[in-house]
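A.B. asks: Have a look at this one before I ask anything.
Bear in mind these aren't lab numbers, they're just calculated from the coordinates by the rules spelled out. The structure displayed is predicted, hence computed values, not measured ones. All Cβ positions, glycine included, derive from the backbone under ideal geometry; neighbour counts span all protein chains shown.
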Amino acid sequence: MVTGVWSDLAADDRNPLAGDPKAAKAGEYEFRINCALCHGLGARGGGRGPDLTRAQKKHTHSDAEMFQIISSGIPGTAMPANGTNGQGVGMTDREIWQIIAYIRSLEVKAPAKALGNAARGKDLFYGDANCSLCHMVEGKGGRLGPELTSIGGSRTREAIIESVRNPSRRLAWGLTEATKEFPQEYESVTLVTGDGKQIKGVTLNEDSFTVQVMDQDEKVYLLEKDKLRSFQKSRESLMPKYNPDVLSDKGLEDIVAYLVSVGTK
Amino acid sequence: MRGRVKLNRRERGDLPQSARRFAFVLIMICCTCLVLLHPAGAQVTSERLLNSAKEPQNWLTYSGDYSGRRFSPLNQINATNVRSLSAKWVYQIGATGKLETTPLVVDGILYATGQDDRAFALDARTGRPIWLYQRQLPSDIRPCCGRVNRGLAISGDKVFIGTLDAHVIALDSKTGNVVWDVAAADYRTGHSFTVAPLAVKNLVVIGASGGEYGIRGFIDAYDAATGERQWRFYTVPGPGEPGHETWEGDSWKVGGAPAWNTGTYDPVTNQIFWPTGNPAPSNRGEGRAGDNLYSNSLLALNADTGKMNWYFQFTKHDEHDWDATQVPVMIDSGGKHLIAQANRNGFFYVLDRTTGKLVSANAYGKITWSDTKDAEGRPIAKKEASPTLEGHTVCPGALGTTNFMAPAYNPQTSLFYVTARDQCDIFSTAPQPYEPGHAYYGSAYFPSEEARPYAGFLKAIDPATGQVKWQFQHTSPTWSGVLSTAGGLVFTGDAEGNFIALDAASGKPLWHFQMGGAVYAAPMAFAVDGKQYVAIAAGSAIYAFGLP
């Protein structure tokens with residue numbers, strides 16, 4: 001943790017800058033520089049960082065806990081300790097408190113009652129909506145798409161709805177390697193192997209010479225590119241677009257309610 | 001045509017004619033069979049540094065020689081046999097964070113640096129360490145962009161590193177013991193060193209990092225023997241100095257213009273060419289009206305005095321963090337003495353290195369910030385490219401078309417090789433007060449979704465035309481530098497951990513090896529006992545490759 005001029009601020013349990021609109025404004029810019037790459041502009045969640053506008057957060061409750069997490073990171077997650085992500089200057093204690101003031105200023109209370117019905121959403125997820133053919137929640141479901149157990153706690157309702165209605169607009173992030181700048185995205189791939197087998201699936205990972213693919217039957221293929229007859233990638237997601245005629249707004253709200261109920265446990 | 005290196009008798013070391021002839025023959029024999037000329041631990045004299053071409057088995061400076069070409073004359077590993085290249089050894093540093101070091105090799109010993117100002121000497125044939133050094137850094141340093149170091153300089157019996165707490169240190173090259181240690185600046189005001197210094201004559205030349213904190217940038221030269229500072233060139237001129245009028249009010253005091261990448265040296269004119277970085281705050285021009293000299297410039301300094309002979313500013317009044325700190329490469333072509341730079345702003349510049357006048361400027365990546373040039377041929381920024389309060393998209397992004405990745409120039413193909421990326425950013429600006437030691441960007445930038453996925457390339461540019469002759473597209477953008485060799489090869493690394501050899505003429509990939517960690521460093525080549533190696537840092541290790 002950074003020490004120095006502002007170390008007196010670190011000892012506090014509560015943000016010494018709480019409720020200060022100027023501090024929140026300064027925190028907004030600090031947030032953009034230090035946090036937005038993962039947590040998104042406006043803290044509304046990005047590819048790998050959760051939405052921070054929810055009042056109820058998975059890892060933190062108090063200001064002191066939030067300070068601790070920003071300073072030291074969260075082991076086992078992509079959340080790095082302050083100043084260790086290699087991009088930009090780390091934050092001083094004062095700047096961390098400004099960011100906390102900013103995040104608090106954004107927080108929206110969860111609606112008293114969920115818009116959808118979680119039980120019905122679960123039925124849809126595992127039933128008529130066919131989500132579980134490709135997505136797993138709490139150990140049950142398919143493997144082709146991203147695992148969704150925690151998604152309801154880390155993404156906004158709007159973000160989840162957008163990924164269902166328009167999955168190609170922003171491809172989900174997959175494998176994140178420790179030393180790599182960019183995570184793998186859920187790109188779809190069509191290829192023909194050297195012996196003429198046609199494969200359609202998603203890229204689990206890729207480099208200039210190899211590609212690791214899961215096909216629609218969840219078979220994993222480990223391939224060398226120079227041995228393929230053809231290899232085509234697409235940013236058109238394999239996930240179908242769920243238009244309202246396929247999945248009603250109400251049904252979608254039910255699924256969101258289910259994912260939120262699981263993801264915020 | 002002027003010879004590239006023409007030395008008088010004094011500079012050669014005043015050997016009698018017969019001894020010189022004998023030495024010449026010996027050198028020729030050694031070059032051919034790659035036998036060690038000097039025993040391990042021999043002094044690296046300034047004559048050896050000047051004549052590095054005569055000992056191709058060694059890699060004596062950050063870029064391999066004073067020209068900045070990162071070209072190895074070794075050709076044992078070549079386009080015909082590179083397919084059988086294999087790993088010879090790996091040295092694990094055992095630390096986290098990026099490795100940006102280029103090793104030096106002198107007479108069978110490899111010297112390199114690691115995270116948190118580690119330095120070490122290895123047996124270049126086996127990777128076994130001879131000594132290890134780690135700086136005891138203060139706990140409150142806040143270096144921008146990783147706790148990195150790009151390498152050392154060697155001269156006499158010492159190696160030199162700049163540290164993250166803004167010291168310059170000389171280590172004994174046989175033991176790693178500290179010989180001298182001088183504080184160049186106060187790290188608490190955001191100063192640091194990440195650059196590999198350059199040893200020139202009796203001097204160690206080094207440039208400051210800290211453009212993110214509103215430092216006043218400088219380039220220093222220290223006496224290699226004693227550590228006594230011989231000169232300092234402030235990259236932001238003070239009151240009464242030419243160029244001071246290009247800063248509004250007191251903005252010069254915190255004007256940035258760091259000098260965090262290694263320059264080159266022309267012994268014929270005794271000039272050091274050193275590039276400089278962004279003005280501060282990096283993304284907010286308000287409050288520093290003017291061109292902001294000598295930010296984002298190439299400086300030609302007298303090596304003995306640090307006095308400036310000429311400057312060329314690539315991006316005037318920069319608001320996009322486009323440091324011009326890329327290694328400038330000296331190229332002699334058609335009787336012209338040129339210096340070329342693939343700039344972060346997306347243009348490839350060729351200058352006359354005698355006068356500093358622009359010869360050509362051509363885009364080599366995706367750019368939207370300029371569509372016109374001034375009378376001298378310099379790209380001019382569009383007004384609407386300036387960051388706004390709400391933010392808007394400009395290409396290249398803040399990371400640039402290229403960045404610190406070392407380029408290479410191959411005199412055999414006459415091509416300039418550079419790592420490039422196509423990425424656009426949303427640039428927004430905001431008032432930010434200066435506080436010593438605090439981030440001073442005046443802004444934020446954020447990758448724009450418009451250009452997703454971001455593309456990374458190795459590009460081969462013909463300096464005569466400025467056109468890209470071939471390009472190799474990586475799976476994702478890489479931070480690796482490039483090495484070119486007389487074996488008709490170009491070596492580079494990628495973000496996925498591959499070390500790749502390509503045909504220097506065509507760009508065709510010929511060989512690769514998976515190192516298991518992303519590359520943020522540049523490769524180099526050396527030979528020991530007549531065997532050529534190619535080495536690169538990846539993940540948290542140094543790898544050396546050779547033929548079976």
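A.B. asks: So if I average 1/r over every pair of distinct C-alpha atoms in region A:171-238 and take the inverse, what Kirkwood radius in Å does that give?
C.D. replies: One decimal place: 12.2 Å for the Kirkwood radius.
A.B. asks: Same structure again: For region A:62-190, what log10 I(q)/I(0) values come out of the Debye formula at q = 0.15 1/Å, with one point per alpha carbon and no solvent?
C.D. replies: Once normalised to I(0) and log-transformed, intensities are -1.00.
A.B. asks: Ok, one more. What list of ³J(HN,Hα) values in whole Hz, one per residue of region A:147-159 in order, does the Karplus curve 6.51 cos²θ - 1.76 cosθ + 1.60 (θ = phi - 60°) give from phi, with Gly and Pro shown as x?
C.D. replies: 5, 10, 4, 9, 4, x, x, 10, 10, 6, 3, 4, 5
A.B. asks: Hey, what number do you get for chain B at 222 nm if only DSSP H runs of n ≥ 4 count, each worth -39500 (n - 2.57), divided across all residues, to the nearest 500?
C.D. replies: Result for chain B, helices only: -1500 deg cm²/dmol.
A.B. asks: Mean residue ellipticity at 222 nm from the helices of chain A, using -39,500 (n - 2.57) per DSSP H segment of n ≥ 4 over the full residue count, to the nearest 500 deg cm²/dmol?
C.D. replies: The helix-only estimate for chain A comes to -9000 deg cm²/dmol at 222 nm.
A.B. asks: Further, regarding this structure: So who's got an amide H within less than 5 Å of the one on B:Phe348, skipping anything under 5 residues away but keeping other chains? H placed 1.01 Å off N, in plane.
C.D. replies: For B:Phe348, the qualifying residues are B:Asn343, B:Asn362, B:Ala363, B:Tyr364.
A.B. asks: Next question. Want the number for A:Lys22 to A:Asn205: 0.36 nm per residue separation, take away the alpha-carbon distance, what's left?
C.D. replies: Extra length from A:Lys22 to A:Asn205 when fully extended: 61.5 nm.
A.B. asks: Between exposed GluC sites (Glu not before Pro) in chain A, where DSSP calls loop and at most 13 other Cβ atoms lie within 10 Å, what's the longest gap?
C.D. replies: A:1-137
A.B. asks: Please label the shape of chain A as rounded, prolate or oblate, based on the square roots a ≥ b ≥ c of the eigenvalues of the alpha-carbon gyration tensor (a/c under 1.5 means rounded; beyond that, a/b larger than b/c means prolate, else oblate).
C.D. replies: It is oblate, given that a/c is not under 1.5 and a/b is not larger than b/c.
A.B. asks: Quick one: if the Förster radius is 45 Å, what FRET efficiency do A:Arg165 and B:Lys531 give, using the C-beta to C-beta distance and rounding to 0.05?
C.D. replies: After rounding to 0.05, the efficiency reads 0.15.
A.B. asks: Classify region A:23-77: rounded, prolate or oblate, from the alpha-carbon gyration tensor (a ≥ b ≥ c, eigenvalue square roots; a/c under 1.5 rounded; otherwise prolate if a/b is larger than b/c)?
C.D. replies: rounded
A.B. asks: Another one. Tell me, what HN-Hα J-couplings in whole Hz come from the Karplus equation 6.51 cos²θ - 1.76 cosθ + 1.60 at θ = phi - 60° for each residue of region B:527-539, using x for Gly and Pro?
C.D. replies: Running phi through 6.51 cos²θ - 1.76 cosθ + 1.60 with θ = phi - 60° gives 9, 9, 6, x, 10, 7, 10, 10, 10, 7, 8, 8, x Hz.
A.B. asks: Let me ask you something else. Please give, to one decimal in nm, the separation of the simple spin-label points placed at A:Asp249 and B:Glu241, each 7 Å out from Cα toward the Cβ.
C.D. replies: A separation of 6.5 nm, rounded to one decimal place.
A.B. asks: How high is the FRET efficiency between B:Ser333 and B:Thr45 when r is their beta carbon distance and R₀ equals 25 Å, given to the nearest 0.05?
C.D. replies: For R0 = 25 Å, the calculated efficiency reads 0.25.
A.B. asks: Further, regarding this structure: Ranking B:Thr325, B:Thr475 by Cβ neighbours within 10 Å, fewest first, what do you get?
C.D. replies: Starting with the residue having the fewest Cβ neighbours, the order is B:Thr475, B:Thr325.
A.B. asks: Ok, one more. Quick one: which residues, 5 or more positions from B:Trp511 or on another chain, have an amide H under 5 Å from its amide H? H modelled 1.01 Å from N in the peptide plane, none for Pro or chain starts.
C.D. replies: B:Ala501
A.B. asks: Right, another one. Using the Cβ atoms and a cut-off under 10 Å, what net charge is assigned to the surroundings of B:Ala324, where Lys and Arg are +1 and Asp and Glu are -1?
C.D. replies: Taking every Cβ under 10 Å from that of B:Ala324, the sum is -1.
A.B. asks: Further question on the same structure: For B:Trp310, enumerate residues with amide H under 5 Å from its amide H, sequence gap 5+ or separate chain, H modeled in the peptide plane.
C.D. replies: Close amide H contacts, sequence-distant or interchain: B:Ala300.
A.B. asks: Excluding residues fewer than 8 places away in the same chain, name every one of the aspartates and glutamates whose C-alpha is closer than 18 Å to that of A:Lys25.
C.D. replies: A:Asp63, A:Asp93, A:Glu95, A:Glu107, B:Glu390, B:Glu435
A.B. asks: Hey, fewest Cβ within 10 Å first, where do B:Phe446, B:Phe314 land in order?
C.D. replies: B:Phe446, B:Phe314
A.B. asks: Determine the distance separating the Cα centre of region A:125-168 from the Cα centre of region B:190-255; give it in Å without decimals.
C.D. replies: That distance is 54 Å.
A.B. asks: Would you mind estimating how fast region B:253-326 diffuses translationally, via Stokes-Einstein at 4 °C and 1.567 mPa s with the Kirkwood radius over Cα pairs, in µm²/s?
C.D. replies: This corresponds to a translational diffusion coefficient of 104 µm²/s.
A.B. asks: Exposure proxy check: B:Cys144, B:Cys395 ranked by fewest other beta carbons within 10 Å?
C.D. replies: Ascending Cβ contact count within 10 Å gives the list B:Cys395, B:Cys144.
A.B. asks: Can you bin region B:190-241 into rounded, prolate or oblate? Criterion: square roots of the alpha carbon gyration tensor eigenvalues sorted a ≥ b ≥ c, rounded for a/c under 1.5, prolate for a/b above b/c, oblate for the rest.
C.D. replies: Taking the square roots of the gyration eigenvalues as a ≥ b ≥ c, region B:190-241 is oblate.
A.B. asks: Averaged over peptide A:178-186, how many Cβ atoms belonging to another chain are found within 10 Å of each residue's Cβ?
C.D. replies: 6
A.B. asks: How large is ³J(HN,Hα) for each residue in region B:147-158, as worked out from phi by the Karplus curve 6.51 cos²θ - 1.76 cosθ + 1.60 (θ = phi - 60°), to whole Hz, x for Gly and Pro?
C.D. replies: Per-residue couplings from phi come out as 8, 10, 8, 9, x, 10, 10, 10, 7, x, 10, 10 Hz.
A.B. asks: What FRET efficiency, computed as 1/(1 + (r/R0)^6) with R0 = 45 Å and r the Cβ-Cβ distance, is obtained for B:Ala53 and B:Thr388, rounded to the nearest 0.05?
C.D. replies: In this case the efficiency is close to 0.35.
A.B. asks: By how many degrees, between 0 and 90 and to the nearest 10, does the Cα long axis of helix B:17-33 differ from the longest principal axis of chain B?
C.D. replies: Long axis of B:17-33 versus the principal axis of chain B: about 80 degrees.
A.B. asks: Here's another thing I want to ask about it. Would you mind checking region A:139-162 for residues with the amide N under 12 Å from a putative spin-label position 7 Å along Cα→C-beta of A:Lys58?
C.D. replies: A:147-156
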